[in-house]
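Reviewing the structure listed below.
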Amino acid sequence: MDRSTNEIARILIVDDRELVLFVMERALEKLDRDCELVGVRSGQEALEAIERQAFDLIITDLKMPDMDGVELTEQIRAKESDVVVVWITAYGCQGFAEEAERLDVFRCVEKPLEVKLIRRMAREALARM
C-alpha cells in the first residue's frame, strides 16, 4: 500500500485498561504527522472498529479478558493482511516470538511503556506503509 506522508494515518489502540489507552493516545497525538486515533477496550470492540474503517496501525495488548491479542491478530490477518500490528504486554515478549513471526507482527513492546518509545515505534511502523 503506497501512501503519501500527507495522508492521515489511522491508528487503533486496543487495551482493557483505560489508563493505558489514555497514555497511548496522548503519546500518539504528538506524532509528526496527522493521525486519527481510535481507542477501544476489548478485542470484540476492535473487530467492530475494523469493520467500520481501515487502519494503518493496530496496537493491541496481549492479555485481555474477552480475547487475547494473539486471537485478535489472527482474526485481523484473516480479514486484512497488510495492516501493521504491534503487541504490547506486561508479561514479556519472549514467550510470543513464534506467534509474532507467524502473524507478521511488527514489534512486541513490553510495559511499562515510555512515551518516546511509543512514538518511535509508531513512526517506524507507519513508515512501512
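Derivation of every value follows stated rules applied to the coordinates shown; laboratory data play no part. Just so it is clear, the structure is predicted and the values come from calculations on it, not from any experiment. Cβ atoms come from the backbone with ideal geometry, glycine included; neighbour counts cover every protein chain shown.
Figures for the structure shown
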| read-out | value |
| --- | --- |
| Exposure proxy order (Cβ contacts within 10 Å, fewest to most) of Ile8, Ile59, Ile76 | Ile8, Ile76, Ile59 |
| Sites matching chymotrypsin sites (Phe, Trp or Tyr not before Pro) across the range 36-129 that sit in DSSP coil, with at most 14 neighbouring C-beta atoms within 10 Å | Tyr91 |
| 26 Å Cα-Cα reach of Lys116 towards lysines, excluding residues that sit fewer than 8 places from it in its own chain | Lys30, Lys63 |
| GNM flexibility winner over the chain from Ala78, Ala97, Ala27 (Cα, springs under 10 Å) | Ala78 |
| The chain, relative contact order [Cα under 8 Å, separation at least 6], % | 26 |
| Under-5 Å amide H pairs with Ser42, H placed in peptide plane, nonlocal only | Asp15 |
| √(5λ) per eigenvalue of the Cα gyration tensor, the chain, largest first, Å | 20, 17, 15 |
| At most 16 other Cβ within 10 Å, DSSP loop - GluC sites (Glu not before Pro), the range 29-82 | Glu80 |
| Label-point gap, in nm, between Glu101 and Lys79 - each point 7 angstrom along Cα→Cβ | 2.9 |
| Gln94-Leu47 FRET efficiency (beta carbon distance; Förster radius 41 Å; 0.05 resolution) | 0.90 |
